[in-house]
1. If you build a Gaussian network model of the chain, linking Cα atoms that sit under 10 Å apart, which residue out of VAL158, VAL26, VAL225 swings the most?
2. Give me the one-decimal nm value for the distance between modelled label points at THR206 and GLU21, 7 Å along each residue's Cα-to-Cβ direction.
3. Under the 0.36 nm per residue contour assumption, what length would be gained going from the current alpha-carbon distance of LYS142 and GLU166 to full extension?
4. Around ASN232, with a cut-off of 13 angstrom between Cβ atoms, what is the net charge of the other residues, counting Lys and Arg +1 and Asp and Glu -1?
5. Tell me, what is the FRET efficiency for HIS92 and THR71 to the nearest 0.05, using R0 = 45 angstrom and their Cβ-Cβ distance as r?
6. Roughly how many debye, to the nearest 20, is the charge dipole of the chain about its Cα centre, given +1 on each Lys and Arg Cβ, -1 on each Asp and Glu Cβ, and no other charges?
7. Relative contact order of the chain: what whole-number percent is it, with Cα pairs under 8 angstrom and at least 6 residues apart?
8. Before anything else, pin down the relative contact order of the stretch 13-135: Cα pairs under 8 Å, at least 6 apart, normalised by residue count, whole percent.
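What follows draws every value from the coordinates through simple rules; no lab data is involved. Just so we're clear, the structure is a prediction, and the values are computed from it rather than from any experiment. Positions of Cβ are backbone-derived with ideal geometry, glycine not excepted, and every protein chain shown enters the neighbour counts.
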Amino acid sequence: MRSKRRRRRGRPSKDVRLMLEGIVWVLRTGAPWRDLPEGFGPWETVYGRFRRWLAGGLWQRLLGRLARYTTGKLRHMDATCCKVHQFANGGHGGVQANAIGRTKGGANTKVHALVDTKGMACCVKLSAGQVHESTVALELTKAVPKGCTLVGDKAYDVDALRDHWEDRGVGVCVPARERRKQPAAHHKGWYRKRHQVENFFQRLKTFLRIDRRLDKLAATFLAFVQLACVLNAIKYHF
């Protein structure tokens, strides 16, 4: 009889842990891949494993696992701009395909985030810097379960968004914009808790590779954002 190979379970191998630590080092420092210290192994190997995990959807799956542990009924949404480094321009497909846009501050990428009551990430999306928050809101909140309440600033005060969320059974806590003829009421106590999403962005930008947008491709930049969300969740919420 052919002997069956037993599948080894438990902790990953030492080489895999070193490569993951090397990826986190690049994320935290913002250094080029070629400057990766030799202790993590050849930079080509670490970068290749990062790209392989990206192609396999690992970072997206990790963030999806976090969404299972969300707490509370409030979901806070907002967006922040990350200034694009001069070396990050020129990626394959051009700036439009890589979520880079022109604003008053120059080239920017906007990170849209949805967090739970404690500020743990549920979903993140990218867009060009000049894109309004309301245009990404539907995609950002499509997985919000019935019975939750979305909390956002005046940028999300759009009738079509309100109607869509209310039809799904999702509450809305968004203050009305000025000069509204029929402004909608909002819960001020819930709105004061919106600092959770601001705290999330503050922790996210402690990773220099995100704060400066050093990646040419939107896919690799989003992968680093997702990895940073996982690391922050482990550090602050578990």
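1. Between VAL158, VAL26, VAL225, it is VAL158 that shows the largest mean-square fluctuation.
2. Output for this residue pair reads 2.0 nm.
3. 7.4 nm
4. +4
5. The computed FRET efficiency comes out at 0.70.
6. Here the size comes out at about 1120 debye.
7. Relative contact order, the chain: 24 percent.
8. 21 percent
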